[in-house]
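Asks: What follows is a structure written as structure tokens; I'll ask about it next.
The values are calculated or read from the model by the stated rules, or taken from the named source; none is laboratory data. Since the model is a prediction, treat every value here as computed from it, not as a measurement. Using ideal geometry, Cβ is built from the backbone for each residue, glycine included, and neighbour counts are taken over all protein chains shown. What goes into the accessible areas is simple: the full protein's heavy atoms, side chains included, and nothing from ligands, DNA or RNA. Shrake-Rupley method; radii C 1.70, N 1.55, O 1.52, S 1.80 Å.
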Amino acid sequence: MKKPGDLEINKQDISFSTRWWANLQQADQWWLLVIIVVILTILMATLRPDPFMRIVTFVSDGIWVTIYVTIITFLLVLVLGLIGGLGRVSHNKLIRGIASVYVEVVRGIPLLVQLIIWYFAFPAFIKDIGSTWNIPALAAYKANPIIMAILGMTICYAAYMSEVYRAGIESIPKGQMEAARSLGMNYIQAMWYVILPQAFRVILPPVGNEFVTLLKDSSLVSVVAVADLTRRGREFMAANFIPIQTWLMIALIYLIMTLVAARGVRWLEKHSRYER
Amino acid sequence: MKKSDTIIHIENVHKRFGSVHALRGIDLDVQRGEVVLILGPSGSGKSTLLRCINRLEEFDRGRIVVDNIPLDNAENINTVRTEVGMVFQQFNLFPHLSVMDNLTLAQRVIRKRDKKEAREIGMELLNKVGIPEKADNYPLQLSGGQQQRVAIARALAMNPRIMLFDEPTSALDPEMIQEVLDVMLTLAKEGMTMVVVSHEIGFARAAADRAILMDAGRIIEEAPPAILFKNPKHERTKLFLSKVLS
């Protein structure tokens, strides 16, 4: 029974504009923050081109280096982390031991120290070997900053990622492996076709978080001669002596990148659930 | 029993879990086409024995030969597993795959059938278990009884010569048990060799050639179900049956 005063709403009657508003409210509200930060940045750059547009122009190549280093590292981390994670759950004691030592050692050393080791200590070590054993090719070794930065970050992050993979694999009920094995699949086939596709869905949120953290930690590569966003910011500051405006702008650019990345991760999570 | 040739030969099998002696010297021969029901209280080792047959569980001592293949190395074990279908208490369907993909995955990976052939076989089996309309659904959209029937179809898709059932109806609501038992009865009538761990006395009476009672890792008594249920020889069997039959 309808009571007087009840609103009668036929869903199909809702006009386009109301629906648009309803959709916006339902949509991830964090997008609003992204939009506000982007608009703020654009306003700053257009209303005060000096210094803000100058800063953006100056550091723009650094933005690309940051994105490039982050994405390449992340792809390598996904692969190496998978290998590490499989090693951690292996039934072979030797493989499991190697994987565990790798994870424990790498996680116990700060990323900044690891990057410095790869860029400064490792090449020096190679050169020493070259001169001791008279191998000119090694003695003349010169490290490429970007390659060493990507290598250092990959090895560090893959250790953390191994643990993410391990947790994901271990979260899949034992019966799944048994069912696959009882159908005649070997361990690798069962992993590939049955366990990992399920584990990937489980670990998507932590993997996404790792990506965002990696994006931020990539600023550490600025200390090993990679001209990323942070390093370009320091160069601009050194030349222009306007630290407040420079670092406000750099922080905003990082914030836009991490917010967008986090939204992308959330979108992926939503679209990878099981159908029920 | 149709014919006297042994398809599963179990000889003096022992299995320990730490300090628990789960199997204490099991000897059992199953004939081709025979349906064997294994009964027993929980912890009696019946599931462990079943899982030893396709080596999901390793055993410490003794010998198991399945269809003339001894379970002694990794290659033989995988061969045996393709010949032996297994149905689990918890169904263990692959939740990330549709019902049809559950049925075709192993066919394509192990039997190397092409997609079309695998789907045809899958559809045929879904018809057989009575749910062809669920081919494109995902396992978690199905009722327990339907999931278990898909699990049986998935095992059958590999054309096994033996089917093992590990308490196939224990996780089901009462009204769904019969639909699963009906599929098992059909299989038994078609001459499939079956080893079933279950307390479904009705199924045993209708389909089993032999019922075995296990307790504390040993086979206590075995006989055709009609005889075992009516005139058990051992006190242990009487006690157990009085609980199950009531």
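Yes/no matrix, rows are residues, columns are (1) open to solvent by 70 Å² or more (accessible area, probe 1.4 Å); (2) under 26 Å from A:Ala199 (Cβ atoms):
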| site | (1), (2) |
| --- | --- |
| A:Ala238 | no, no |
| A:Phe241 | yes, no |
| A:Trp247 | yes, no |
| A:Ile250 | no, no |
| A:Ile253 | no, no |
| A:Ile256 | no, no |
| A:Arg266 | yes, yes |
| A:Glu269 | no, yes |
| A:Ser272 | no, yes |
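Asks: Looking at the range B:97-127, which of its residues are open to solvent by 20 Å² or more (accessible area, probe 1.4 Å), assigned to a helix (DSSP H, G or I), within 12 Å of chain A (Cβ to nearest Cβ) and among the aliphatic types (A, V, I, L, M)?
Replies: B:Leu105 - this is the single residue of the range B:97-127 that is open to solvent by 20 Å² or more (accessible area, probe 1.4 Å), assigned to a helix (DSSP H, G or I), within 12 Å of chain A (Cβ to nearest Cβ) and among the aliphatic types (A, V, I, L, M).
Asks: Continuing with the same structure: Taking the range B:166-195 as the search range and keeping residues that are among the small types (Gly, Ala, Ser) and under 13 Å from B:Gly144 (Cα atoms), which one is farthest from the chain's Cα centre (by Cα)?
Replies: B:Ala171
Asks: From the list B:Phe91, B:Phe59, pick out the single residue that is in contact with a Gly (Cβ under 8 Å, 6 or more places away or on another chain) and part of a loop (DSSP other than H, G, I, E, B).
Replies: From the options B:Phe91, B:Phe59, the qualifying one is B:Phe91.
Asks: Restricting to the range A:110-131, name every residue that is touching a helix residue (DSSP H, G or I) at 6+ places or on another chain (Cβ under 8 Å) and β-branched (Val, Ile, Thr).
Replies: A:Ile116, A:Ile117, A:Ile126, A:Ile129
Asks: Follow-up. Mind checking which residues of the range B:79-105 are without any contact (Cβ under 8 Å) to a residue 12 or more places away in the chain and of a type in the set (D, E, K, R)?
Replies: Selection gives B:Asp101 alone.
Asks: Kindly list, by first and then second residue, each pair from a residue in the range A:84-106 that is closer than 15 Å to A:Tyr187 by Cα to a residue that is outside any helix (DSSP H, G or I) and open to solvent by 70 Å² or more (accessible area, probe 1.4 Å), limited to pairs with Cβ atoms under 6 Å and residues at least 6 apart or on different chains.
Replies: Filtered contacts from the range A:84-106: no entries.
Asks: B:Arg32: away from chain A (no Cβ under 14 Å), closer than 15 Å to B:Val84 by Cα and either among the hydroxyl-bearing types (Ser, Thr, Tyr) or open to solvent by 30 Å² or more (accessible area, probe 1.4 Å) (or both), yes or no?
Replies: yes
Asks: Something else now. In the range B:46-92, which residues are within 11 Å of chain A (Cβ to nearest Cβ), open to solvent by 50 Å² or more (accessible area, probe 1.4 Å) and of a type in the set (D, E, K, R)?
Replies: Hit for the range B:46-92 is B:Glu75, nothing else.
Asks: Against the definition (crowded, with 17+ Cβ neighbours inside 10 Å, in contact with a Leu (Cβ under 9 Å, 6 or more places away or on another chain), away from chain B (no Cβ under 14 Å) and not β-branched (Val, Ile, Thr)), how does A:Arg166 come out, yes or no?
Replies: yes
Asks: Continuing with this model, one more query. Output the qualifying pairs, or none if there are none: Cβ atoms under 7 angstrom, residues six or more apart or on different chains, first residue in the range B:164-180 and closer than 15 Å to A:Glu178 by Cα and open to solvent by 20 Å² or more (accessible area, probe 1.4 Å), second residue modelled with pLDDT of 95 or more and of a type in the set (Lys, Arg).
Replies: That search, which allows pairs on different chains as well, returns nothing.
Results for (1) in contact (Cβ under 8 Å) with a residue 24 or more places away in the chain; (2) farther than 19 Å from B:His96 by Cα; (3) within 14 Å of chain B (Cβ to nearest Cβ); (4) open to solvent by 30 Å² or more (accessible area, probe 1.4 Å), shown as yes or no for each residue.
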{"site": "A:Ala149", "(1), (2), (3), (4)": "yes, yes, no, no"}
{"site": "A:Ser162", "(1), (2), (3), (4)": "yes, yes, no, no"}
{"site": "A:Pro173", "(1), (2), (3), (4)": "no, no, yes, yes"}
{"site": "A:Ala180", "(1), (2), (3), (4)": "no, no, yes, no"}
{"site": "A:Ile195", "(1), (2), (3), (4)": "yes, no, yes, no"}
{"site": "A:Arg201", "(1), (2), (3), (4)": "yes, no, yes, yes"}
{"site": "A:Val212", "(1), (2), (3), (4)": "yes, yes, no, no"}
{"site": "A:Leu215", "(1), (2), (3), (4)": "yes, yes, no, no"}
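Asks: Looking at the range B:5-15, is at least one residue modelled with pLDDT under 90, of a type in the set (Asp, Glu) and either in contact with a strand residue (DSSP E or B) (Cβ under 6 Å, 6 or more places away or on another chain) or open to solvent by 20 Å² or more (accessible area, probe 1.4 Å) (or both)?
Replies: Looking for residues that are modelled with pLDDT under 90, of a type in the set (Asp, Glu) and either in contact with a strand residue (DSSP E or B) (Cβ under 6 Å, 6 or more places away or on another chain) or open to solvent by 20 Å² or more (accessible area, probe 1.4 Å) (or both), one finds at least one in the range B:5-15, hence yes.
Asks: Hey, can you tell me all the residues within the range B:132-150 that are more than 21 Å from the chain's Cα centre (by Cα) and either open to solvent by less than 20 Å² (accessible area, probe 1.4 Å) or of a type outside the set (D, E, K, R) (or both)?
Replies: Answer for the range B:132-150, where residues must be more than 21 Å from the chain's Cα centre (by Cα) and either open to solvent by less than 20 Å² (accessible area, probe 1.4 Å) or of a type outside the set (D, E, K, R) (or both): B:Pro132, B:Ala135, B:Asn137, B:Tyr138, B:Leu140, B:Gln141, B:Leu142.
Asks: For A:Ile67, indicate whether it is over 19 Å from the mean Cα position of the chain (by Cα), of a type in the set (A, V, I, L, M) and part of a helix (DSSP H, G or I).
Replies: no
Asks: Filter the range A:221-236 for residues that are more than 20 Å from the chain's Cα centre (by Cα) and closer than 23 Å to A:Leu43 by Cβ; which is most open to solvent (accessible area, probe 1.4 Å)?
Replies: Among them, the one singled out is A:Arg232.
Asks: I'd like to check which strands (runs of 3 or more DSSP E) are fully inside the range B:188-246 and have at least 2 residues that are in contact with a Phe, Trp or Tyr (Cβ under 8 Å, 6 or more places away or on another chain) and surrounded by 21 or more Cβ atoms within 10 Å (Cβ to Cβ).
Replies: B:193-197, B:210-215
Asks: Let me ask you something else. Go through (1) within 14 Å of chain B (Cβ to nearest Cβ); (2) of a type in the set (A, V, I, L, M, F, W, C); (3) open to solvent by 20 Å² or more (accessible area, probe 1.4 Å) for A:Phe122 and report which single condition fails.
Replies: Answer for A:Phe122: the failing condition is (1).
Asks: Shifting gears a bit: Is it the case, given these coordinates, that A:Asn186 is surrounded by fewer than 18 Cβ atoms within 10 Å (Cβ to Cβ) and away from chain B (no Cβ under 14 Å)?
Replies: no
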